[in-house]
Amino acid sequence: MKLEISVIIPVYNEEESIEPLFAALYPVLKSLGRSFEIIFVNDGSRDRSFAMLYDLHKAHAEVRVVDLNGNFGQHMAIMAGFEQARGDKVITLDADLQNPPESIPDILAKMDEGHDVVGSYRMGRQDPLFRKVVSGMANRLTNRMARLDIRDYGCMLRGYDRRIVDIINASCETTTFIPALGRKFAVNSVEIPVPHRAREKGVSKYGIAQLIRLNFDLMTSFTLAPLQMVTVSGMVISVLSFVLVCYIMLRRLIVGPEVEGVFTLMGIQFLLTGITLMSLGITGEYVGRIYREVSRRPRFVVKKTYDHE
């Protein structure tokens, strides 16, 4: 049977949110009057999440569960859902209820108008100020470097046409940032505002370290700008260093030996050392990506898929 809608929800230690999420989501999808499936991807949860998802699967014919062999991360969990999705339109949604399922009809309405990717950005974002500031800076920096023009990289309530999902599935990258891939492959994309609520249950799985890691992966996946900046910086510093050496030699010939300026030279040396280490780090990010790609290890491992067929 051909399905119209697939909703993919990655789940990692969300036992407190699963029941209220399903209670809000299921009526919304039923009210659409269209065939649908809900694919929960258990991303190696260590609490009761899988048991609760299995119970939902047994009680509802529309619910499928993909149980991963470990914790592979949010985007790999969504990729596992993409491989299982059968709908013409695929919706991704977080399990934390911060983006209400009631916004799904708005996503579908835009897709019915012909948009192959429908992104969203959070209105009245209910997160700590520091998190919002860091996220905003990362969004602007990534857009400037990758030129993807995505307003809110962190909002996972998004819609993808079947064609886009098939293209993403065909991508073999070991590190995948799905909203950016969807936008890159889209022909007619659009973004809409969606409400945002404070997390009522559980804790966020994305700390500052994870956000930094995610943005590093994003930038190194879609642009060579960091490497180009390192190259240009190296050229500029080399020219300035040459000018400085010439100046010091001329001064020594004219003025003679002197001890003044030693600490200035030490400061310059420390600055250049810092730039060198930063450049090595950026280069290492790209080398690490190459290593992961040539290793050809599976991006995720599915332990078992629970279906009704």
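Coordinate-derived values only; no laboratory data. A quick note: this is a predicted structure, and the numbers were derived from the prediction, not measured. Every residue, glycine among them, receives a Cβ derived from its backbone with ideal geometry; neighbour counts consider all protein chains shown.
Return the subset of Lys184/Lys303; Lys2/Lys110; Lys58/Lys303; Lys110/Lys184; Lys30/Lys89 for which the Cα-Cα distance in this structure is over 25 Å, preserving the input order. Please report the intermediate quantities before stating the final value.
Values: Lys184/Lys303 31 Å; Lys2/Lys110 21 Å; Lys58/Lys303 18 Å; Lys110/Lys184 18 Å; Lys30/Lys89 16 Å.
Listed pairs above 25 Å: Lys184/Lys303.
For the residues Cys155, Cys172, what sequence is obtained by ranking on other C-beta atoms within 10 Å, fewest first? Don't skip to the answer; put the middle values down first.
Numbers: Cys155 22, Cys172 9.
Result, fewest neighbours first: Cys172, Cys155.
Subtracting the Cα-Cα distance from 0.36 nm times the residue separation, let me have the gained length for Ala61 to Asp307 in nm, one decimal.
Details: separation 246, 0.36 × 246 = 88.56 nm, distance 0.86 nm.
87.7 nm is the gain from fully extending Ala61 to Asp307.
Starting from the Cα-Cα distance between Val28 and Phe242, subtract it from 0.36 nm times their residue separation and give me the gain in nm to one decimal. Could the numbers behind the result be given before it?
Details: separation 214, 0.36 × 214 = 77.04 nm, distance 6.72 nm.
Separation in residues times 0.36 nm, less the Cα-Cα distance, equals 70.3 nm.
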